[in-house]
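What follows is one structure encoded as structure tokens, with my remarks underneath.
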Protein chains: 4
Amino acid sequence: MANNLYKKSDSPLIIYDVNKTALEKFTFLHESTLSKKPILHAQTPIEVARKASTIITMLPASPHVKRVYLEAQDSLIHGIDENSLLIDSSTIDQNVTKEVSKKIIEKGARAIDAPVSGAANLTFMVGASTLEDFNRAKPYLSHMGKNIIHCGGLGAGQITKICNNMLLAITMIGVAETMNLGVKLGMDPKLLANILNTSSGRCWSSDSYNPCPGVLSNVPSSKNYEGGFNNKLMAKDTKLAVNAANDANATVILGAIAQQLYSLLSNTVGYEKKDFSSIYRWLNESNN
Amino acid sequence: MANNLYKKSDSPLIIYDVNKTALEKFTFLHESTLSKKPILHAQTPIEVARKASTIITMLPASPHVKRVYLEAQDSLIHGIDENSLLIDSSTIDQNVTKEVSKKIIEKGARAIDAPVSGAANLTFMVGASTLEDFNRAKPYLSHMGKNIIHCGGLGAGQITKICNNMLLAITMIGVAETMNLGVKLGMDPKLLANILNTSSGRCWSSDSYNPCPGVLSNVPSSKNYEGGFNNKLMAKDTKLAVNAANDANATVILGAIAQQLYSLLSNTVGYEKKDFSSIYRWLNESNN
Amino acid sequence: MANNLYKKSDSPLIIYDVNKTALEKFTFLHESTLSKKPILHAQTPIEVARKASTIITMLPASPHVKRVYLEAQDSLIHGIDENSLLIDSSTIDQNVTKEVSKKIIEKGARAIDAPVSGAANLTFMVGASTLEDFNRAKPYLSHMGKNIIHCGGLGAGQITKICNNMLLAITMIGVAETMNLGVKLGMDPKLLANILNTSSGRCWSSDSYNPCPGVLSNVPSSKNYEGGFNNKLMAKDTKLAVNAANDANATVILGAIAQQLYSLLSNTVGYEKKDFSSIYRWLNESNN
Amino acid sequence: MANNLYKKSDSPLIIYDVNKTALEKFTFLHESTLSKKPILHAQTPIEVARKASTIITMLPASPHVKRVYLEAQDSLIHGIDENSLLIDSSTIDQNVTKEVSKKIIEKGARAIDAPVSGAANLTFMVGASTLEDFNRAKPYLSHMGKNIIHCGGLGAGQITKICNNMLLAITMIGVAETMNLGVKLGMDPKLLANILNTSSGRCWSSDSYNPCPGVLSNVPSSKNYEGGFNNKLMAKDTKLAVNAANDANATVILGAIAQQLYSLLSNTVGYEKKDFSSIYRWLNESNN
């Protein structure tokens, strides 16, 4: 993402990461291409906040976001002002998004949540309380993603992403169970997938990302489940969805099972780093 | 189906039903349109088998198929000969399909399974052991359905249909849980559905048959869940799928839950005859 | 069971098995103990029926029962008369029990279903339409089992057994999940089990058959999950329960999941023949 | 609990509640019994901390505990000293227990978690880092509960309670499904329960709290599911268990379903305040 932002944006780039090697590698890579545009290394989040007006963060989980934005002594909150626009592309608990955004707005700055989805062609699911905020962020996000969607007010990006990913987890397991069942009953997997894809069982997990090896080329299932979106990430996103559902008194029976199965896979030897379509292999290996 | 067959086919029609009133109503309806083509009423299955070379059956469940084809004194098996083609469009246990087909073939006749799927535009999922059998049946099925798909050998029609409908049940519950979750978290349902439909959560249950009222017009969810494919039928199809999975040692965890939920709905006051997308209302009513 | 019957009963014993080696081994074993009581080998089921008035069968599944009782040319039904009492100790579909019993009674003989449960101390769960039938069977069953329980009319033995075993499967998975959770959260397993066993989580799967190795001695979990009641048998019994539930419109959500998990284990390398408490190891292995 | 503590303890009692009416009612009740022992009303938590050396709290959920102990301006933490013993009997997230305890210990005071379980006869499940702490708390807890169990170090009380209650939820649903299945298959409920209770399906939910009306007298199922432990509380406890499991990478498939079902019931009209054994009625009502 930073690569694309650097290449496509006219603005100067200030970068920060706890991993200094990653920063140096990034700079080395781009300076070796003789680009004239400078890359500044910040030493702390607060330095980023003081030097940049548009700030994009991408962090592993809710506690990191709280720390980098609010809790650390050198956190972003202490460096922002009324010109700052803060775009958080982490996938986190929507309650944390709301809590953090509130503090940002209290400082006169603007906040946006923009978690990212997809693989080759990234989609940004954006929560912004005004169209103005959204439009201000859009050019930057467009350098990094193909689709930039305004999902609603603050937190709506997070909500939309966990909704989508919970549904994705359910449909993927559904397709895996279905393909496995059909194949065990003697069906040719390509033919079965083709029929499902023109019938009411049709879904992205079947027609664009089929988990049965050999049905589609160029998807993880045909490359030993390498690449793609791994089981640990799916376990994390479905956990966020189930937690949000519990808070909202929304029943998610299949969602809860999907979460447990991805939690199980993400802790099973040989599956931790495999693409989430490897649920097909797991079902299939167990059934010999 | 019989209406379309009568209207579009050049062949004479011989009809049989245990419900005599249905037969008379059918005849009255078509004679009143001054059609010249006669409609013959058979008194027994065996009479149909003796008078017709192409025989199409559509029966509620496995025991009826066994009775009408094999076990009754006046069953089809006693009237067929080497010219007969028997097309069973019932959705039943694929083991019964294989058992019945075997007996038909022993008599020198040909058998095809062709369960039907879909609502306005019917799809026939056809199991036929030869392409010749398939081609012989196709013209008749084309009078009744839009898509006629050759899924494989005998029983493959049944297998494909239960695979599709198990996946459909899972995706529908998944969409219902997801839409309910999103709405409870404050999302606009139409906007959420639109985003899902262009994201990896995309599926037929969301983009063509969304269970949340008001998202799509002209689907059961926007018509008080009337019409469509009711919960009892979905309970039946998922039960066939789970039974087949148990026989085949194929694990179907979400499939088994989907089956229990549709069994529950099909026995819940107010839901027995509602479309299977009413799982959304059920989740939603419980969550007030 | 036959050993105990031979040792404790005064009646002569006529035995039959499709496995002739098993018969010879049985006879050799008992003749070598210099017992005076003769052991007769029957060549067919019908021969058993002709020579014995009290007949006890123990068969793997419903199809075998149908074959041995009704369908084979030399089946029991052709040899029985009004003096015959037929006791089926197989665990099978209760509908088959009822179908077979009906034919037996039509011949003037008496039928009882008496599936067996437990390990060291067997329990017979008896379905008998009259107390007289029950009392006639009881002395024979008492030679083989410790508890002989009259559960109700014909089929009630089967129903009670599948009810008990479905509940057993659920409680066992529940205990396995709970012990695994507690241990991962740092609890000492013995202490946790002791507290559960005096609290409202108390159950046989915890206090008498705990699945966590080392909590109880002399149970399968402390002997590498050898012996006991294997996953394949539990998969079979829960499948009978779920099928019966589907026929009866009884919702069994946890039952259906338990069935899928035992089906999965019974097809997972290394678990097929392990005791059903090995679900603990399966959960635990996956979670490293 | 406060009633028993007041009656049985020799120590003076200082009470605090946000609900002033409750405080006055309590005092009125006891003063009217002409007891000589004074009841002091504190105006804030900090006042309790200053005046009492042994402090017992019982709060609805994690946020309240954080507020009362740490976050409020007048919170307990600001009033305690090295003589203070803080006993939290709330059922909350064990991570919060650990966080709060740590701050208490940093102040030189001692902390204990002692969530309570059961109805008529309360059990305190105690987490205490030393036996001395446990013994110091035990006399006070003994005035309120029958069983005082030392479960391990700090947080062990919470862990034990959520483990027990998750297992309880699973066994209760299991018993409800089983009794419902048996009754629908024609079994007498009392007879079925009696057999289960002496077989391997035996559990507290069946032998001491059977959810089928009429099987046991004097339990909620025989009193229109009034009293007992309501669905909302069970939904809360199972949610704590599933969250802890997710944090600990422990798979809880039946636990997650149980949690969803109790969440569903706790939001279903007519079930919110019913005892958690009302899952039987819910299954049964749906199945007519």
Above-threshold pairs, the threshold being 23 Å between Cα atoms, out of C:LYS161/C:LYS236; B:LYS232/C:LYS103; B:LYS239/D:LYS184; B:LYS239/C:LYS273; A:LYS239/B:LYS190:
B:LYS232/C:LYS103; B:LYS239/C:LYS273; A:LYS239/B:LYS190
Find the centroid of the Cα atoms in region B:186-203 and in region B:235-253, then give the distance between the two in whole Å.
30 Å
What gaps in nm, shortest first, separate C:GLY108 from its twins in the other copies when you place the label 7 Å past Cα toward the beta carbon?
4.6, 9.8, 10.7
Reachable lysines from B:LYS107, Cα under 18 Å, same-chain residues fewer than 8 places away excluded?
B:LYS51, B:LYS66, B:LYS98
Can you give the FRET efficiency for A:LYS273 and B:SER222, using 1/(1 + (r/R0)^6), R0 = 45 Å, r = Cβ-Cβ distance, to the nearest 0.05?
0.55
Can you tell me the accessible area per residue over the protein assembly as shown, all protein chains present, probe 1.4 angstrom, in square angstrom?
40 Å²
If you take each beta carbon of peptide C:237-249 and count the beta carbons of other chains within 10 angstrom, what is the mean?
5
What net charge is computed for the residues neighbouring D:VAL126, neighbours being all others with C-beta under 12 Å from the C-beta of D:VAL126, Lys and Arg scored +1, Asp and Glu -1?
0
Rg/Rg_globular for chain A, with Rg_globular taken as 2.2 N^0.38 Å and Rg from C-alpha atoms
1.10
Once the Cα atoms of helix D:20-31 and of chain D are each reduced to a long axis, what angle between those two axes, in degrees from 0 to 90 to the nearest 10, is obtained?
80 degrees
Other-copy label distances relative to D:ASN3, 7 angstrom Cα-Cβ extension, nm:
6.0, 6.9, 7.1
If I model a spin label as a point 7 Å beyond the Cα along the Cα-Cβ vector, how far apart are those points for D:ASN95 and B:ASN95 in nm?
4.9 nm
Averaged over its residues, how many other protein chain Cβ atoms are within 10 Å of peptide A:70-83's Cβ atoms?
0
Compare the peptides A:124-133, B:51-60, D:204-213 by average per-residue count of other Cβ atoms within 10 angstrom and give them in order, highest first.
D:204-213, A:124-133, B:51-60
Restricting to aspartates and glutamates and to Cα separations under 12 Å from D:LYS25, and discarding same-chain partners fewer than 8 apart, the set is D:ASP17
Suppose each label sits 7 Å from its Cα in the direction of the beta carbon; what would the D:ASP247-C:GLU106 distance come out to in nanometres?
6.5 nm
Ordering of B:270-279, D:150-159 by packing [mean C-beta count within 10 Å, highest first]
D:150-159, B:270-279
Quick check on the protein assembly as shown: what does the Kirkwood estimate of hydrodynamic radius come out to from the alpha carbon pairs, in Å?
33.1 Å
C:LYS8: which aspartates and glutamates have alpha carbons under 17 Å from its alpha carbon, excluding same-chain residues fewer than 8 sequence positions away?
C:GLU31
In nm to one decimal, list the spacings between the B:ASN83 label point and its equivalents in the other copies, with label points set 7 Å along Cα to Cβ, shortest first.
6.0, 9.3, 11.0
Sorted peptide list for B:220-232, D:233-245, criterion being average Cβ within 10 angstrom, highest first
D:233-245, B:220-232
Rough spin-label spacing in nm, given labels placed 7 Å along Cα→Cβ, for B:SER142 and A:ASN3
5.2 nm
Under-5 Å amide H pairs with C:THR54, H placed in peptide plane, nonlocal only
C:LEU85
By residue number, which cysteines of chain D lack any other Cys whose Cβ falls under 4.7 Å from their Cβ?
D:CYS151, D:CYS163, D:CYS212
Rounded to the nearest 100 Å², what is the sum over both chains of accessible area buried where B meets A, with a probe of 1.4 Å?
4800 Å²
Normalising by the residue count of chain B, find the relative contact order in percent from Cα pairs under 8 Å and 6+ residues apart.
12 percent
For A:146-155, what's the mean count of beta carbons from other chains sitting within 10 Å of each residue's beta carbon?
3
Give, as a single signed number, the net charge of other residues whose beta carbon lies under 14 Å from the beta carbon of A:PRO211, with Lys and Arg counted +1 and Asp and Glu -1.
-1
Please give the residues of region C:142-175, grouped as numeric ranges, whose backbone N is less than 19 Å from a label point set 7 Å along the Cα-to-Cβ vector of C:SER11.
C:142-150
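The values are calculated or read from the model by the stated rules, or taken from the named source; none is laboratory data. As the structure is a computational prediction, the values presented were derived from the model and not from experiment. Note that we place each Cβ from the backbone using ideal geometry, even for glycine, and neighbour counts take in every protein chain shown. Areas reflect the complete protein model, heavy atoms only, side chains present, ligands, DNA and RNA absent. Shrake-Rupley method; radii C 1.70, N 1.55, O 1.52, S 1.80 Å.
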